[in-house]
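Chemist: Below you will find the structure I want to go over with you.
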Amino acid sequence: MIDITTEDELSKYMMQIEQYKEQIDQYEYQAQYIQAAINDYNKAKLTLEQIKDIGKNEDILIPIGGGTFISVKSDDVKNVLTDIGSGFVMQKKSQDGIKNIEKRIEALQKTYQKITETIQGLQNEANAINEKAQEIATK
């Protein structure tokens, strides 16, 4: 039979484990969002790399998402318009646009790494508390 003090302690541990699970879920959601952004930037980079050397008035297929493409005639693929923040865009050479995308991917990958490390740390802490709770419950 578990006494009231032990029951309170066990209840406290269970509440902490639940809080860790909620935090882990939030970080996993952020990680999924960041991974989707990385995938999006990789698609943009691949598209730029494939079309940067195309001449004027050539037919090209541009991916618009969902496995759907549009056929367009090239005009000026040596330059791209790239987001510089707050809804503003700036014209850059295609190669500079690719470098900009690579920097964004690198920053996102670092953030993703930090989030996965945080998740691992939270999981370790939750496991340690779970072990304490199991010790109490088996006494």
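The values are calculated or read from the model by the stated rules, or taken from the named source; none is laboratory data. In this text, all values refer to a predicted model and were calculated from it rather than measured experimentally. Neighbour counts run over all protein chains shown; Cβ positions are idealised from the backbone, glycine included.
Chemist: Name the residue that is surrounded by the fewest Cβ atoms within 10 Å (Cβ to Cβ), counting only residues in segment 79-126 that are modelled with pLDDT under 95 and among the polar types (S, T, N, Q).
Modeler: Ser86
Chemist: Restricting to segment 66-101, count the residues that are of a type outside the set (Gly, Ala, Ser) and closer than 26 Å to Glu28 by Cβ.
Modeler: Adding up the residues that qualify gives 1.
Chemist: Still on this model: I'd like to verify a number: residues in segment 52-109 that are acidic (Asp, Glu) and within 25 Å of the chain's Cα centre (by Cα), how many?
Modeler: 4
Chemist: Which residue, of Asn57, Asn79, Asn100, is on the phi > 0 side of the Ramachandran plot and touching a Ser or Thr at 6+ places or on another chain (Cβ under 7 Å)?
Modeler: That would be Asn57, the only listed residue that is on the phi > 0 side of the Ramachandran plot and touching a Ser or Thr at 6+ places or on another chain (Cβ under 7 Å).
Chemist: Shifting gears a bit: Only residues in segment 47-58 that are in contact (Cβ under 8 Å) with a residue 24 or more places away in the chain count as the first member; pair them with residues that are outside any loop (DSSP other than H, G, I, E, B) and exposed (fewer than 14 other Cβ atoms within 10 Å of the Cβ), Cβ under 9 angstrom, at least 6 apart or cross-chain, and list the lot.
Modeler: Leu48/Gln95; Ile51/Ile62; Lys52/Lys93; Lys52/Gln95
Chemist: Restricted to segment 61-78, and to residues that are touching a helix residue (DSSP H, G or I) at 6+ places or on another chain (Cβ under 9 Å) and surrounded by 11 or more Cβ atoms within 10 Å (Cβ to Cβ), which residue is farthest from Glu106 (Cα to Cα)? If you could, list the steps in order and put the result at the bottom.
Modeler: The initial filter retains those residues of segment 61-78 that are touching a helix residue (DSSP H, G or I) at 6+ places or on another chain (Cβ under 9 Å), namely 62-63, 65, 74, 77-78.
Checking which are surrounded by 11 or more Cβ atoms within 10 Å (Cβ to Cβ) leaves us with 62-63, 74, 77-78.
Values: Ile62: 24, Pro63: 23, Ser74: 30, Val77: 24, Lys78: 24 Å.
Among those residues, the one meeting the criterion is Ser74.
Chemist: Consider only pairs whose beta carbons are under 9 Å apart and that are at least six residues apart or on different chains; among these, list those whose first residue lies in segment 114-139 and is under 17 Å from Gln16 (Cα atoms) and whose second residue is among the small types (Gly, Ala, Ser) and modelled with pLDDT of 95 or more.
Modeler: From segment 114-139, the pairs are Ile119/Ala31.
Chemist: What are the residues in segment 32-60 that are aliphatic (A, V, I, L, M) and either surrounded by 13 or more Cβ atoms within 10 Å (Cβ to Cβ) or in contact with a Gly (Cβ under 8 Å, 6 or more places away or on another chain) (or both), if any?
Modeler: Ile34, Ala37, Ile38, Ala44, Leu46, Leu48, Ile51, Ile54, Ile60
Chemist: Which is touching a strand residue (DSSP E or B) at 6+ places or on another chain (Cβ under 6 Å) and either acidic (Asp, Glu) or in contact (Cβ under 8 Å) with a residue 60 or more places away in the chain (or both), of Asp83, Asp75?
Modeler: None of the others qualify; the one that does is Asp83.
Chemist: Still on this model: From the set of residues in segment 4-29 that are hydrophobic (A, V, I, L, M, F, W, C) and surrounded by fewer than 13 Cβ atoms within 10 Å (Cβ to Cβ), which is modelled with the lowest pLDDT?
Modeler: Selected residue: Ile4.
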